[in-house]
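Heads up, the thing below is written out as structure tokens.
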Amino acid sequence: MKRMPLTPGRRDVLRAAAILPLATAAVVRAAEPDLSGLNDLTGAAKPIDAGERAGRLKRAQGLMRANGIGAIVVESGSSLVYFTGVRWGRSERLTAAVIPVEGEPCIVTPFFEAPSIAETLAVPAQVRVWQEDEDPIAVIAGFLKDRGLAGRSVGIEETVRFFAYDGLARRMPGKIVSANPVVRGCRMVKTAAEIALMQTATDVTIAAYRWVHPRVEAGMTGHDIGALMDAATRKLGGDPEFSMALIGEAAAYPHGSKKVHKVADGQIVLMDCGCTVQGYQSDVSRTFVFGAASKRQRAVWDQVARGQQIAFAAAKIGTPAGSVDDAVRGFYASLGYGPGYKLPGLSHRTGHGIGMDGHEPVNLVHGETTKLAAGMCFSDEPGLYIPGEFGVRLEDCFHMTPSGPKWFSVPPPSIDQPVG
């Protein structure tokens, strides 16, 4: 590179260029929110321990025996973490766990990844590797043969990709079946340890809402509000999963609009936010009005609040999950919404399962026959959406106890106290 002479004018330009990044950094620091009043709420959170994981494997093997399944195959994702502790992203290179009906599971992974896999493996397990020029499905089949399970039914976890399912079906003489009776049978019913982590995650989200709500200002976009929520969540000890803020008409569409809306007097602000603590999630929605709420906004907010309580009351041990959705939809129909999933009204299910994933089986949706049982966890979010105007969604999660549902977060009392 040719060096240019350092003239007086050029010296001034270079000096300004050197100062500019410092000035920009100062502006950024000045724009950062003051989080000094927030403290970490997760210090007492206890991670899932070895005893808990051993119990999961024992329960899974009991369900396999009850359903005539010789082994299940679980690919990278939350179910792999649930059963083995292994945290691994999906790629074209297969990493999976094979959990047999008896004995230790097997982790199948590329040879060069084995040391990294060992860093999060939290249960006693055999590790079998495959080289780049080998077929990982052959390794899985070999393990099943060695365990005497080649002729038994093999359950495939519902998120396993087709190439793994298809390859195994071609190699195994036994029947390939769904692993849902095993995986769902375990994961749908949370233990006290899991519920405690979900409670902590919810406490973080509620504390973040309480901090953010009074700091929403005219002119802010949904992105601006979400950034505040993320900052508060991190300071409180949670890992943000999503921080959505829908303003005005955008709130009429459950997941928003591509259009940029800004906060203004009389505008609805619908927030849907959640975080993770030790692998377990929260999911809470709040809707408020910036400035004074109109009579119509108040009426719709109150109707949604009533819908939430109807869903909560309908969630009884032994009743089909779909009956919760039916109870809410019946109430909304009496007010002239719908019918069914039509708009204006409630265009989505009343709730979803939640745990390690934000959305888990089963859902509080019409036609779902799974019966509610102690330990199941759900969102309760029967929003109302009026296209072209606004939407209202209040969302709090609950877990089923032997005596009925219990809130993770208590719904807000009114549109004038919208956080709770």
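The values are calculated or read from the model by the stated rules, or taken from the named source; none is laboratory data. Here the structure is a predicted model, which means the values were calculated and not measured. Reconstructed Cβ throughout: ideal geometry from the backbone, glycine too, with neighbour counts over all protein chains shown. Keep in mind that these areas ignore ligands, DNA and RNA; they rest on the heavy atoms of the full protein, side chains included. Shrake-Rupley method; radii C 1.70, N 1.55, O 1.52, S 1.80 Å.
For residue 173, the stated conditions do not hold, so it cannot be described as farther than 27 Å from residue 360 by Cα, without any contact (Cβ under 8 Å) to a residue 12 or more places away in the chain and open to solvent by 10 Å² or more (accessible area, probe 1.4 Å). Annotation note: Cβ proximity below 8 Å between a residue of segment 123-151 that is under 23 Å from residue 79 (Cβ atoms) and open to solvent by less than 60 Å² (accessible area, probe 1.4 Å) and a residue that is among the aromatic types (Phe, Trp, Tyr) and assigned to a helix (DSSP H, G or I) (sequence gap 6+ or interchain) occurs for 123/83; 128/143; 129/111; 130/111.
Considering segment 28-67, and only residues there that are part of a helix (DSSP H, G or I) and in contact with a Phe, Trp or Tyr (Cβ under 8 Å, 6 or more places away or on another chain), the residue that is nearest to residue 157 (Cα to Cα) turns out to be 60. Kindly indicate the residue of segment 337-350 that is in contact with a strand residue (DSSP E or B) (Cβ under 9 Å, 6 or more places away or on another chain) and without any contact (Cβ under 8 Å) to a residue 24 or more places away in the chain and also least open to solvent (accessible area, probe 1.4 Å) among those meeting that condition. Residue satisfying both the conditions and the ranking: 338.
Does residue 155 count as open to solvent by less than 20 Å² (accessible area, probe 1.4 Å), more than 21 Å from residue 87 (Cβ to Cβ), at pLDDT below 95 and touching a Ser or Thr at 6+ places or on another chain (Cβ under 9 Å)? So residue 155 does not fit the description; no.
Which residue out of 322, 345, 375 is out of contact with any Asp or Glu (no Cβ under 8 Å at 6 or more places or on another chain) and within 29 Å of residue 82 (Cβ to Cβ)? From the options 322, 345, 375, the qualifying one is 375.
Go through segment 102-127 residue by residue and tally those that are among the hydroxyl-bearing types (Ser, Thr, Tyr) and either assigned to a loop (DSSP other than H, G, I, E, B) or more than 27 Å from residue 65 (Cα to Cα) (or both). Outline the logic, then answer.
Residues of segment 102-127 that are among the hydroxyl-bearing types (Ser, Thr, Tyr), as a first pass: 109, 116, 120.
This time we only want the ones that are either assigned to a loop (DSSP other than H, G, I, E, B) or more than 27 Å from residue 65 (Cα to Cα) (or both), so: 116, 120.
Residues that pass the stated criteria total 2.
Criterion first (within 19 Å of residue 410 (Cα to Cα) and in contact (Cβ under 8 Å) with a residue 60 or more places away in the chain) does residue 231 satisfy it?
Numbers: within 19 Å of residue 410 (Cα to Cα): no; in contact (Cβ under 8 Å) with a residue 60 or more places away in the chain: yes.
Against the criterion (within 19 Å of residue 410 (Cα to Cα) and in contact (Cβ under 8 Å) with a residue 60 or more places away in the chain), residue 231 does not qualify.
Of all the residues in segment 364-420, those that are at pLDDT 95 or above and assigned to a loop (DSSP other than H, G, I, E, B) number 31.
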